[in-house]
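Structure first, commentary second.
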Amino acid sequence: MEIVVIQVLNSLFYAAVLFLIAAGLSLIFGVMGIVNMAHGSFYALGAYVTAWSVAAASAVIPPAALFIFLPLGAIAAAVIGLAIEPTLLRRFYRRPEEYQLLVTFGLLLVLEDAIRLVWGGTPRTASGLVDSLGLLQIGGLPYPVYNLAMIGVGIVAALGLWAFVYRTRFGVLLRATAQDRRMAAALGIDVGRIYSLAFGLGCFMAGLAGAIVVPSQAAVLGMGVEVIVLSFVVVVIGGLGSLEGALVGALIVSALRTITIQFWEEIELAALYLIAAIVLLILPTGLFGKKA
Amino acid sequence: MSAPQAPSLVRRAAAAAAVLAALLVVPVVASTYQTQLLTYGLTLAIAALGFNLLLGYSGLLSFGHCAFFGAGAYAVALMMRYLGVTSMELFILGGIAFSAVLAALFGVVCVRHTRIFFAILTLALSQVLWTLAYKFFWITGGTDGLRVPFSKLTLLGGLVGFPGADAFAKFITSYYYYVLAAFCVCVALMWLIVHSPFGKTLQAIRDNETRARFLGVRIWRYRWLAFLVSGIFTGVAGSLWVPLNGLTTPDVLYWPQSGKIVFFAVLGGFRNFTGPIVGAVIFNYLEVYAVAVTEYWQITLGGILIALVTFLPSGVVGSAARLSARLKRRREALP
Amino acid sequence: MSLLRTERLTKHFGETRAVDGVDFIVNEGEFLSLVGTNGAGKTTLVNLISAFLAPDSGRIFIAGRDITYAPVDERIRAGIARSFQLVNLFDDLSVLDNVALAIFAREGKTKRIFALAERDTVVTQEATELLGQFGLAGKAQGLAGGLAQGERKLLDVAVAYALRPKLLFLDEPTSGVSTRDKAQIMDTVSSVVRGGGITAVVIEHDMDVVFKYSDRVVVMHEGRFLADGPPEEIRRNRDVATYLLGTDIDA
């Protein structure tokens, strides 16, 4: 029984991670209509930056205080995103989709190798953060408090994002631009700034997901592509461009993944995609999706 | 925006004949190493040819074509390992069969969707295949892969084999001509396909899906067929590649391999027939020399891809065609 | 039996009734114009009949056959074709190929994969003749994307015509074209269509064009038919004058 509870908690933790990534992807797609093939690389970036800064600082700072470095990964991802969007990507929004996909794919190739260039091939960890929060006893079985805390972070992020998009003034501008760019521009909205901020926010969320996950799972090469493959299942099932879809999709995918890993580990990814394929046959734009 | 007028059929045929003549003498004038390198280039060119049926002619960008290349490669390796097959002809048939089944299945999932989802799904499905290749290691050899030694290979239904001392040089020469023949067949077939009513229909769907639908064309059926043909061509490329490499590992199914295939087409120019072929061959040499210079060639590849898409979207061949057309117009305008 | 008959055809967009219980009858051989202000429902009606949109209620019959829920390709086989207000062509294919493709589609030859399209002389000949009828023969080898606007409009009609439909819908074939070209386009279209014995429904805004070329004029307003009859009758119709032309006919 306790094992089930623990699996559920693990599933929720991973769902939080997937949600952040998928929500970022959906946000960018919703506002600018592009799918950033390199989105997973921002996740990887967040993980590596956090792990590296935590490791660098752990010599002088006690473990508990290291938590202030957690957001660094998210911030780094956002900064790079903000730099890339106006320079590299913006000229492609009006061009055919192939070119957008090609340029973000090129970005994927560059970022994945850049990570290898900067941090090398050995995995980076920040497990000290997990240890510092200690363990909780769930019916006799120890469980890291860290995971529970990060589930909390996920919930806060979901609520925060929802409030931001639907309750703030900036959120209104965001949604206006997403719906009709020309109208927004005609109303005097600085569309370029909205694009940059939306892209930066999307990258921030991906980076945050990486930052959250790295204390629990080491940062390794290829994690960016591995996660983009998973988050694609999330947006395929949940629907692209929808926050509710990202949340529901993340929960479903995470649960399915936990289950399949229990019973037949090898086919985990194949099983997920089989299910995604079935969902697509019935609902071509996913559960909550908007047409491209 | 109009494309430059295509040169006359006679001139193109003459150019092709010249290129073929040059290709025929390569093993005679070049070293074994250079011949081997060009053979690699030809297999990649076949893969690019298959890929471009989707991108250039159907407007569908696939980031998962390494799945078919890898399927062709693994088909050969598995047939040799578990069925004791040695005939290259049978290997090619096996490669065709395996990649056809895969393309048919993947196609059903992918082609019903918008271009963005199509790109996402092809990438993802190819990675699913990759995980299967290394997880089922007791079948596929896992990360060590499966060996395909040329000494066990026979060409032309068993007529040509490679036992004995000087086998490698003999293998390279014979295999070069074999691949060259396959390349010519593939080029001829693909040329026929894109100029057929089917090919024109694909281009029409690419140009204006709505109008095509209003001609009574069932869009997704054509896309699926194109996907199938494309996958088979790329699968054949993979099957031809693996005896040359001597080995296939899950790396051949890892996503940057799909990136390379995309790169061939973008480098050469995907809006014309020969672009991807030229792109593949250029890349083949680029890679060899780039890898010698830096171990971070993936950054270079990505950077060049971004630069190409931003500044030279019609690729090498496309830009050359435009340039020559412009020069020709200027010459004709002069008194 | 009429060629086209709709029965209480209805389509809502939210609150708006774009097409409101329309009974539309078209008889064989007619050349009729469908007119009305913007938003009257003309294009929506054509979209419903040509399977671009699904109706909310009502039925559509072609030569007595119920095609209300039939997919596009079935409706084309039943004899419906249409051209588009915003020209829909295959810009990167040649002008000849655009028309040839329609013929290949009609003949069911589009799946032919091991045959050169150019070699099909039957199709090529028919396409060339058709282009000749529409005055586009000289441009046959050029790309469709390179034509002038008026020529593009004609090609759009030619492509639809190449399907040899029984019923041809033309959505504003002269819109976006200079006044001088309008007459030329309509002359060509009307002579080819009538010459081919094809029934045509033309959506049109230019009332001069309407009165000059049509046998019958149907006026739509707010999703319903306001008037339906020969041009002279419509010209005298008070309601039409008020709603459509915005004038008081007695003034």
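The values are calculated or read from the model by the stated rules, or taken from the named source; none is laboratory data. Since the model is a prediction, treat every value here as computed from it, not as a measurement. Glycine also receives a Cβ, built like all others from the backbone with ideal geometry; neighbour counts cover every protein chain displayed. Heads up: the accessible areas ignore ligands, DNA and RNA and are worked out on the full protein's heavy atoms, side chains in. Shrake-Rupley method; radii C 1.70, N 1.55, O 1.52, S 1.80 Å.
Could I have the simple spin-label model distance between A:V145 and B:L156, label points 7 Å from Cα toward Cβ, reported in nm to one decimal?
7.8
Can you tell me which of A:G238, A:G73, A:G222 moves the most in a GNM of chain A? Springs connect C-alpha atoms under 10 Å apart.
So, out of A:G238, A:G73, A:G222, the one fluctuating most is A:G222.
With the contact rule set at Cα under 8 Å and sequence spacing of 6 or more, what percent relative contact order holds for chain A?
Once normalised by length, the contact order is 36 percent.
For chain C, report the accessible area per residue in Å² (1.4 Å probe, heavy atoms, rounded to an integer).
For chain C, the per-residue accessible area is 44 Å².
Of C:K166/C:K212; B:K200/C:K212; C:K109/C:K166; B:K200/C:K166, which sit over 28 Å apart, Cα to Cα? It would help to have the intermediate numbers written out before the result.
On the way: C:K166/C:K212 23 Å; B:K200/C:K212 39 Å; C:K109/C:K166 20 Å; B:K200/C:K166 26 Å.
Result: B:K200/C:K212 exceed 28 Å.
Of the accessible area of the range C:23-87, with the probe set at 1.4 angstrom, what percent is carbon plus sulfur?
Working: 1240 of 2520 Å².
Percent of accessible area from carbon and sulfur atoms in the range C:23-87: 49.
Please give the FRET efficiency for C:S175 paired with A:A176, using the beta carbon to beta carbon distance and R0 = 30 Å, rounded to the nearest 0.05.
Computed FRET efficiency for C:S175 and A:A176 comes out at 0.45.
Just need the relative contact order of the range A:194-292 here, percent rounded to a whole number, with Cα pairs under 8 Å and 6+ apart. Before the final figure, lay out the partial values.
Details: 74 pairs, mean separation 29.5, N = 99.
Worked out over the range A:194-292, it gives 30 percent.
Considering all alpha-carbon pairs of the range B:17-110, what whole percent are spaced by more than 20 angstrom?
Beyond 20 Å sits 52 percent of the P(r) for the range B:17-110.
For chain C, what is Rg from Cα atoms divided by 2.2 N^0.38 Å, rounded to two decimals?
Expressed relative to 2.2 N^0.38 Å, the Cα Rg reads 1.03.
Between 0 and 90 degrees, rounded to the nearest ten: what's the tilt of helix A:243-263 against the longest Cα principal axis of chain A?
Its long axis makes an angle of about 40 degrees.
Set the Förster distance to 60 Å, then compute FRET efficiency between C:E233 and C:E107 from the Cβ-Cβ distance, nearest 0.05. Let's see the in-between values first.
Working: r = 42 Å, r/R0 = 0.70.
Efficiency, from the Cβ-Cβ distance: 0.90.
Name the residues of the range B:167-185 whose amide N is less than 17 Å from a point 7 angstrom out from the Cα of B:S31 along the C-beta direction?
B:168-170, B:172-173
When the Kirkwood radius is taken over all Cα pairs of the protein assembly as shown, what Stokes-Einstein diffusion coefficient follows at 25 °C and 0.890 mPa s, in µm²/s?
The calculation lands on 81 µm²/s.
Is it possible to state the helix-based mean residue ellipticity at 222 nm for chain B, with each DSSP H run of 4+ residues giving -39500 (n - 2.57), the sum divided by total residues, to the nearest 500 deg cm²/dmol? What is it?
Numbers: 14 runs with 251 residues, N = 335.
Using -39500 (n - 2.57) per qualifying helix, the result is -25500 deg cm²/dmol.
Based on the Cα gyration tensor of chain A, what are the three equivalent ellipsoid semi-axes, each the root of five times an eigenvalue, rounded to whole Å and given largest first?
With the √(5λ) rule applied to chain A, the semi-axes are 30, 23, 18 Å.
Between B:R12 and B:R147, how many nm apart are label points set 7 Å from Cα along the C-beta direction?
It works out to 4.6 nm between the two label points.
If amide hydrogens are placed 1.01 Å from N in the peptide plane, which non-local residues have theirs closer than 5 Å to the one on B:G141?
none
Please average, across the residues of B:124-135, the number of beta carbons from any other chain that are within 10 Å of each residue's own beta carbon, and give a whole number.
Average neighbour count from other chains, rounded to a whole number: 5.
Which of the lysines could be linked to C:K153 by a straight reach, that is with a Cα gap under 18 Å, when you skip same-chain ones fewer than 8 residues away?
Reachable lysines: C:K139, C:K182.
I'd like the interface area for chains B and A: accessible area of each alone minus the complex, both sides summed, 1.4 Å probe, protein heavy atoms only. What is it in Å² to the nearest 100?
On the way: alone 16890 and 13830 Å², together 26660 Å².
Counting protein atoms only, the buried area is about 4100 Å².
For chain B, modelled as a Gaussian network with Cα springs under 10 Å, which listed residue fluctuates most, B:F270, B:F227, B:F171?
Looking only at B:F270, B:F227, B:F171, the largest GNM fluctuation is found for B:F171.
Amide H of C:V19 versus every other amide H placed in the peptide plane: which residues, excluding those fewer than 5 positions away on the same chain, fall under 5 Å?
For C:V19, the qualifying residues are C:K11.
Over the whole of B:290-303, what's the average partner chain Cβ count within 10 Å per residue? Rounded to a whole number, please. Kindly include the intermediate steps, with their values, before the conclusion.
Details: counts 0, 0, 0, 0, 1, 3, 5, 2, 9, 8, 3, 4, 12, 5.
Rounded to a whole number, the mean comes out at 4.
Can you tell me the 0 to 90 degree angle between the C-alpha axis of helix A:223-238 and the longest principal axis of chain A, rounded to 10?
That works out to roughly 70 degrees.
Using just the C-alpha positions of chain B as equal point scatterers, what log10 of I(q)/I(0) does the Debye formula give at each q in 0.16 1/Å?
The computed values of log10 I(q)/I(0) come out as -1.49.
By DSSP, what percent of the beta bridges with both residues in chain C are antiparallel, rounded to the nearest 5?
55
Hey, got the average number of other protein chain Cβ atoms within 10 angstrom for residues in C:83-90?
Per residue, the number of nearby Cβ atoms from other chains is 4 on average.
Quick one: Cα convex hull volume of the range C:1-129, Å³ per residue? The partial results should precede the final answer.
Working: hull volume 19.2 nm³, N = 129.
Per residue, the Cα convex hull of the range C:1-129 comes to 149 Å³.
Along the Cα→Cβ direction, 7 angstrom out, place labels at C:A54 and B:Y285. What is the inter-label distance in nm?
Output for this residue pair reads 5.7 nm.
Of the listed peptides A:44-57, B:199-212, C:67-80, B:22-35, what is their order by residue-averaged count of other C-beta atoms within 10 Å, with the highest listed first?
A:44-57, B:199-212, C:67-80, B:22-35
I need the Kirkwood Rh of the range B:153-284: take the reciprocal of the average 1/r across all distinct C-alpha pairs and report it in angstrom.
It works out to 17.4 Å.
Averaged per residue, what accessible surface does chain A expose to a 1.4 Å probe, in Å²?
41
How large is the accessible surface per residue of the range B:291-335, computed with a 1.4 Å probe and reported in Å² as a whole number?
About 66 Å² of surface per residue is accessible.
Tally up the carbon and sulfur contribution to the accessible surface of chain A as a whole percent, 1.4 Å probe, everything protein left in place. Mind dumping the intermediate values first?
Working: 8120 of 11840 Å².
About 69 percent, which is the carbon plus sulfur part of the accessible surface.
Can you work out ³J(HN,Hα) from phi for every residue in the range B:35-47, in order, using Karplus 6.51 cos²θ - 1.76 cosθ + 1.60 and θ = phi - 60°, giving whole Hz and x for Gly and Pro?
In residue order, the calculated couplings are 5, 4, 4, 5, 4, 3, x, 5, 5, 5, 5, 5, 4 Hz.
Take the Cβ-Cβ distance between A:L88 and C:L86 as r, set R0 to 30 Å, and report the resulting FRET efficiency rounded to the nearest 0.05.
The formula returns an efficiency of 0.40 here.
Does anyone have the angle between helix A:191-213 and the longest principal axis of chain A? Alpha-carbon axes, 0 to 90°, nearest 10?
That works out to roughly 10 degrees.
With no solvent and one equal point scatterer placed on each C-alpha of the range A:167-207, evaluate the Debye formula and give log10 I(q)/I(0) for q = 0.23, 0.25, 0.29 Å⁻¹, two decimals.
-0.72, -0.82, -0.99
Considering only the protein assembly as shown, what is the antiparallel percent among its DSSP beta bridges, to the nearest 5?
60
Could you work out the relative contact order of chain C, using alpha carbon pairs under 8 angstrom and six or more residues apart, expressed as a whole percent?
26
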